[in-house]
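Novice: What follows is a structure written as structure tokens; I'll ask about it next.
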Amino acid sequence: MFENMIYMGPEDENDMLPMFSVADEDEDAINKEEVAETLPLLALKNTVMFPGVVIPITVGRDKSIKAVKRADKLNKTIAVISQKEVNTEDPRMEDLHSIGTIARILKILKMPNGSTTVILQGRSRFQLLGFAQEDPFIIARLRSIKDQVPKRNMEFNASLSSVKDMAKKIIELSPQIPSESVVMLQNIKNKGFLLNFIGSNLNVDVTKKQELLEQNDSLAKAKELMAHMDKELQMLELKSQIESKVRGDIERQQRDYFLNQQLKTIQEELGQSPQDEDLLKLAERAKKKNWPENIAKAFNKDLARAKRMNPQVAEYSVTLNYLELMLDLPWQEYTEDNFDLKTVKKVLDNDHYGLDDVKERIIEHLAVLKLKGDMKAPIICLVGPPGVGKTSLGKSIATALRRKFIRMSLGGLHDESEVRGHRKTYIGAMPGRIIQSIKKAKSSNPVFILDEIDKIGKDFRGDPSSALLEVLDPEQNETFHDNYLEHDYDLSKVLFIATANSLSTIQPALLDRMEIIQISGYSTEEKVEIAKKHLIPKQRKEHGIKASDIKLNNSIITKIIREYTRESGVRGLDRQMASVMRGVAKRVAMEEKYDVNLKAEVIKDYLGPSKFSTDKIANIKSPGVAVGLAWTRVGGDILFIEASLSKGKGKLTLTGNLGDVMKESATTALSFLKSKCSEFGIDQKVFEETDVHIHVPEGAIPKDGPSAGITMLSALVSAFTKKKIKPLAMTGEITLRGKVLPVGGIKEKILAAKRAGLTTVMMCEENKKHVEEVNQQYLKGMKFIYVNRMEEVIQHAL
């Protein structure tokens, strides 16, 4: 509002700048003036003229100049009205508003640029009736309109007072409006002119101003003005608050900067500085460090550089963080090992049942350390199915040795800098996870678990498994180089233990650096012991159940293992035990009666119907079906091989989602059978007239490997001779020469056969040594048939 009160220079009749009235004349005197019925008409483009207000208008259109000159010659009175559209150059009757203002021409000025400016003073309002003439200029027919005097004088006066107060606030909040405007408003005594003057200067569009001009009722006009002014006042107050807040923030920043500079100057005068104090503390800590001489020199060099540096520059904080990392690292700081080997063995046995190979290797390492006093730590890789306790064993080893424990998960790692770190020149650079973990452990000889080393990723950001080559090489890791640290760090005393489910995805060079210890799955007997010693006490504690609330004997635990789990580890068994404990907890909490000694017939009330059956082997009654043994990532399993014959032309069909190696085993078995058919009592012509179909059930699961060779041969011979196969499991690779070759995963396969209720297992003679490695107490009731030739296989199988 009122921002148009300063005249900015002429341009066209659309540039109008309101001014204060020359004479605050009496309203009655204006109303008594006689108005002619026709007057020359001046059309305004983007403004509205109000009665009593003096405005300069730059006239540009030819018709407008002629109308002004004609009016000036006659009686200096002209009709002024606003156009509806700004872009209309030659307005007609329908292009103009119906209400306008009769104005007196005070002066006509010829401007230096050749344009004409006319100064007009509004007198009264009129209604446009039509055009008396259109050329060479418009002469309008009009009727004068008198303002209505408000009947409720008190309400009108109150509204006027509010309008004045709001106008005063707007002037105060608008820095571009001169403060003298307040005095100007106070001096206006004519009520109608006050409304017209404020309406003319209001910061609203032409349409709203025209609505104010067309309003006959002065009280209604005052209320409309108040509504517009209220919006503008709110906008100005919000703008003022924002500007005040921004100004306050800037002033606060300037104040803080000024005080910091003063404080810095005072501290420098007194010989004090917070930066100097920080660096002094670092120097004091460095004196207490027992670190290599070259590291001490490098630290002192960087510290001296930091002292010369301006604390305001970004590099100062980078250098400070680097110095703190060097001090935080445990250079040549080691925890003392527990050399009481019997105690170590006892701790390991208490925490984990079985896993004798791993425990033996740890005891051997400690024995050498005890005798020699110094030895590079071995790099051990524990390989086995999920749930056999590889990761938790690492924690037990750390507890037994009284060393710090670190676990670093490598699953999904695909950035080399996660291992080696970033160079400290980069923004946000930090050391690799190896150095970070050593810093957290505060010891240079922790037990460091590299979990899931077989699941490391590889992409455009680098190959982390290649970065681990240096970490896991006993000959190189005493000088491990981290990009951020930029100095060699000794990792030779760290006991690295890697874990993996499979060796097939580990890089050969990395595999060569590690000592592989295979952890096979647990037998049913081992799982029973693990459940009694570890799982049941743990679940009882987690569910708030006393030992007297439930008793599980060996037969019940065995039933749960055989009928509700099918795994090499004990995670699934742990979940089933948790289900049993939840059922007991519910009965105890609800004070229900139940048998504390859990019986076989009520186990389904806790765990539901059994999930796995052990009697499906007994259901095999037809020829052409053999039972093989397979090794999977989750342990051993049994595999049915089905062979069927139909009339045809000797075609071989293989189904069941088989891999290339398994398909080749089937082809080899059939070829061998064709070459030796007379020995097995099969006519040669049968092969030419018969189609053979070999199927391995559970077709959704991919299967591959050579160990099903003898099983496929047995199924084919059984199908061709119509003789059933004995209830036994078999595993072994075959050749075209009729030899049976050894295969891997023997312990898992034996345990799978035992779980399935098979007591006889046939395999290659060379696998006998692997059977002898298995704890003999788990092989009670098992019979093993060792073969070298395929003929022996058929002899024992049929």
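Novice: To the nearest 0.05, what FRET efficiency results for A283 and L652 with a Förster distance of 56 Å applied to their C-beta separation? If you can, show how the numbers build up before the last one.
Specialist: Values: r = 81 Å, r/R0 = 1.45.
That gives a FRET efficiency of 0.10.
Novice: With +1 on the Cβ of every Lys and Arg and -1 on the Cβ of every Asp and Glu, and nothing else charged, how large is the dipole of the chain about its Cα centre, in debye rounded to the nearest 20? Working shown, then result.
Specialist: On the way: 119 positive and 112 negative charges, 629 e Å.
Dipole of the chain, to the nearest 20 debye: 3020 debye.
Novice: Hey, got a sec? Which GluC sites (Glu not before Pro) in the range 458-489 land in a DSSP loop and have at most 11 other Cβ atoms within 10 Å? Present the calculation step by step, with values, prior to reporting the outcome.
Specialist: Working: sites: E470, E475, E478, E486; in loops: E475, E486.
In loop regions of the range 458-489 (DSSP not H, G, I, E or B), the sparsely surrounded GluC sites (Glu not before Pro) are E475.
Novice: In whole Å, largest first, what are the principal axis extents of the Cα atoms in the range 469-536?
Specialist: 52, 26, 19
Novice: Could you work out the helix-only [θ] at 222 nm for the chain, with each DSSP H run of four or more residues adding -39,500 (n - 2.57) and the total divided by the number of residues, to the nearest 500 deg cm²/dmol? Don't jump to the answer; show the numbers that get you there.
Specialist: Working: 28 runs with 340 residues, N = 798.
Result for the chain: -13500 deg cm²/dmol, rounded to the nearest 500.
Novice: Between F258 and N290, what is the spin-label point distance in nm, taking each point 7 Å from the Cα along the Cα→C-beta axis?
Specialist: Distance between the two pseudo-spin positions: 5.5 nm.
Novice: Could you give the radius of gyration (one decimal) and Dmax (whole number) of the Cα atoms in the range 62-149, in Å?
Specialist: 13.5, 45
Novice: Report the full-extension gain for the segment K685 to K107: residue separation times 0.36 nm, less the Cα-Cα distance, to one decimal in nm.
Specialist: Here the answer is 195.1 nm.
Novice: Between K395 and N310, with labels modelled 7 Å along Cα→Cβ, what's the label distance in nm to one decimal, could you check?
Specialist: Once both label points are built, they end up 5.2 nm from each other.
Novice: In addition: Largest first and to the nearest Å, give the Cα extent of the chain along each principal axis.
Specialist: 140, 90, 65
Novice: Note the angle between two axes, namely the Cα long axis of helix 660-675 and the longest principal axis of the Cα atoms of the chain, as a number of degrees from 0 to 90, rounded to the nearest 10.
Specialist: 30
Novice: If you don't mind, another one. Ignoring ligands, DNA and RNA, please state the percent of accessible area on the range 199-286 from carbon and sulfur, probe 1.4 Å.
Specialist: Working: 3010 of 5910 Å².
Carbon and sulfur together cover 51 percent of it.
Novice: In 10 Å bins starting at zero, report the fraction of Cα pairs in the range 344-485 per bin as a rounded %.
Specialist: Values per bin, smallest distances first: 10, 37, 35, 15, 3, 0.
Novice: Let me ask something else about it. List the trypsin sites (Lys or Arg not before Pro) within the range 409-454 that fall in a DSSP loop (any state other than H, G, I, E or B) and whose Cβ has at most 13 other Cβ atoms within 10 Å.
Specialist: Values: sites: R420, R423, K424, R433, K439, K440, K442; in loops: R423, K424, K442.
Those satisfying the criteria are R423, K442.
Novice: In whole angstrom, and with the biggest value first, how far do the Cα coordinates of the range 594-739 range along each principal axis?
Specialist: Principal-axis extents of the range 594-739 (Cα, largest first): 68, 30, 26 Å.
Novice: Under 5 Å between amide hydrogens, which residues at least 5 positions from I379 or on another chain qualify, with H placed 1.01 Å from N in the peptide plane?
Specialist: Amide H neighbours of I379, under 5 Å, 5+ apart: E515.
Novice: Sticking with this structure for a sec: Determine by what factor the alpha-carbon radius of gyration of the range 432-501 differs from 2.2 N^0.38 Å, reporting the quotient. Each step should come with its number before you reach the end.
Specialist: Numbers: Rg = 12.2 Å, N = 70, 2.2 N^0.38 = 11.1 Å.
So the range 432-501 has a normalised radius of gyration of 1.10.
Novice: Another question about this same structure. So if I take the centroid of the Cα atoms in the range 373-452 and the same for the range 209-256, what is the distance between those two points in Å?
Specialist: So the two Cα centres are separated by 66 Å.
Novice: State, to one decimal in nm, how far the label point of N75 lies from the label point of K231, with both points 7 Å from Cα in the Cβ direction.
Specialist: That separation, rounded to one decimal, is 3.9 nm.
Novice: Please give the per residue accessible area of the chain, computed with a probe of 1.4 Å over protein heavy atoms only, in Å². Present the calculation step by step, with values, prior to reporting the outcome.
Specialist: Working: 40510 Å² over 798 residues.
Solvent-accessible surface per residue comes out at 51 Å².
Novice: Additional query: Using per-residue counts of other Cβ atoms within 10 Å, averaged over each peptide, order 308-317, 735-744, 59-68 from highest down. Intermediate values should be presented prior to the final figure.
Specialist: On the way: 308-317: 11.0, 735-744: 16.2, 59-68: 19.0.
Descending packing order for the listed peptides: 59-68, 735-744, 308-317.
Novice: Next up: Any chance you could give the angle, 0 to 90 degrees and rounded to 10, that helix 341-351 forms with the longest Cα principal axis of the chain?
Specialist: 70
Novice: Compute the normalised compactness of the range 342-385: alpha-carbon radius of gyration over 2.2 N^0.38 Å, N being the residue count.
Specialist: On the way: Rg = 11.6 Å, N = 44, 2.2 N^0.38 = 9.3 Å.
Normalised by 2.2 N^0.38 Å, the Cα Rg of the range 342-385 equals 1.26.
Novice: Could you give the angle, 0 to 90 degrees to the nearest 10, between helix 356-372's Cα long axis and the longest principal axis of the Cα atoms of the chain?
Specialist: It works out to around 90 degrees.
Novice: What residues have an amide H closer than 5 Å to that of I102, excluding those fewer than 5 places away on the same chain, when H is modeled at 1.01 Å from N in the peptide plane?
Specialist: V80, R123, S124, R125, F126
Novice: Right, next: Normalise the Debye intensity by I(0) for the range 179-231, one equal point scatterer per Cα, no solvent, then take log10 at q = 0.27, 0.31 Å⁻¹ and round to two decimals.
Specialist: -1.16, -1.32
Novice: Then there is this: Please give the length that would be gained between E478 and H414 if that part of the chain were fully extended, namely 0.36 nm times their separation in residues minus their C-alpha to C-alpha distance (nm, one decimal). Before the final figure, lay out the partial values.
Specialist: Working: separation 64, 0.36 × 64 = 23.04 nm, distance 2.46 nm.
Taking E478 through H414 to full extension adds about 20.6 nm, to one decimal.
Novice: Which FRET efficiency, nearest 0.05, do T88 and E172 yield, Cβ-Cβ r, R0 51 Å?
Specialist: Details: r = 39 Å, r/R0 = 0.77.
The computed FRET efficiency comes out at 0.85.
Novice: Once the cut-off is 13 Å, how many percent of the Cα-Cα pairs in the range 205-265 end up in the long-distance tail? Show your work: numbers first, answer last.
Specialist: On the way: 1343 of 1830 pairs.
So the pairs more than 13 Å apart make up 73 percent of the total in the range 205-265.
The values are calculated or read from the model by the stated rules, or taken from the named source; none is laboratory data. In this text the structure is predicted, and so the values were computed from the model without any measurement. Methodologically, a virtual Cβ is constructed for each residue, glycine included, from the backbone with ideal geometry; neighbour enumeration extends over all protein chains shown. Areas reflect the complete protein model, heavy atoms only, side chains present, ligands, DNA and RNA absent. Shrake-Rupley method; radii C 1.70, N 1.55, O 1.52, S 1.80 Å.
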